[in-house]
Amino acid sequence: MVLPSSNTRATSSMAYPVSLSSLHHHPNNHHAFFLPSKTNHDNTHKPIESSRISRRSLIFLPVIPSLLYASSSPALDDANIPSTSAIDTTITDRIFMDFSVCPSYFRSDRTLGAELATCPDSEPLGRIIFGLYGRLLPLTTANFKAACTSAAYRGTLVHKLLQGQFFVAGRQGPRRDRGEVQLPTGLVRNAETIDPKAFELKHARPGTLSLCLGQNDDDDDIKLNPNYHNVEFLVTTGPGPCPELDGQNIVFGTVLEGMDVITSIATIPTYKPAERIRFFNDFAQLIGDERAQTARALWDRPLKTVYISDCGELKVTKPSLSPPSLP
């Protein structure tokens, strides 16, 4: 067996550096890695001279495809994000609500058990007209419309007001003299409250009408009723958006007229407990005292008795409106 000489082994193991440009433009580029070497007079082999690729170029060559992919990935991600303009916010129904103030609600000579709707010295604040998104949320819209047309909301108290954010009305209960709602018959079971698509719209501007879920403060014994239907609603007052409400409440309408009435309600002062009362309430809630929740229901309550004096549906020739521009 004949072993190859050391020169032959050195020649066979020698690397021939070749640039990418020479591979691309060489007439026989498929043989570029097997270029013959030139022999000098000393019988030593020298590779053909060619331009070398710098080490920095070799480092960045594998990075270029990843950079190209990364530059195109935001466009792909944006395509998967649902756009607000693609949501059908066509207004199918119009509901009106008249809001008033009852100055004699806390007077001692007030008739015991009298409903707010029969307030003798009512001071009107004005009318708000809501447009409902009936195509997007037909069940939520149907229940709200039924509660308005059956006068269930008439005499309902605005029981919570967070200044600069929203106010809440429509709390359920048996006491009509306290401004609580008693539901009408015929309401449908609202499966939209567990549908993720129902939470796509945001509380992005003043005058947003939303079904209270995260901010709902109905009593637990009412919520545990198998025939429970949530009809408590909130309206954003502005001046800015309320992102803390997103994903917890269902936006199903908007204010078409009456933003001046909403501004009037938003400027009413509310009850703010002292810091010591808040501390004791937090401790009572921690140990499971049920009175803590009862006391907390009085927080952020308007110091004036604001209530819904009348409500109903507006019959128009063409109730459907094109979707408004959402921010």
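The figures follow:
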quantity	calculated
Dimensions (Å) - segment 140-225, Cα atoms, principal axes, largest first	34, 31, 27
Mean accessible surface per residue for segment 171-248, computed with a 1.4 Å probe while every protein chain stays in place, in Å²	49
Compactness of segment 232-315, expressed as Rg and Dmax over alpha-carbon positions, Å	16.6, 52
Cα Rg, Dmax, segment 191-284, angstrom units	15.8, 44
Built amide H within the under 5 Å cut-off of Gly179, gap 5+	Leu116
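The values are calculated or read from the model by the stated rules, or taken from the named source; none is laboratory data. Bear in mind that the values here come from a model prediction, so they are computed numbers and not experimental data. The accessibility values were calculated without ligands, DNA or RNA, using every heavy atom of the protein model including side chains. Shrake-Rupley method; radii C 1.70, N 1.55, O 1.52, S 1.80 Å.
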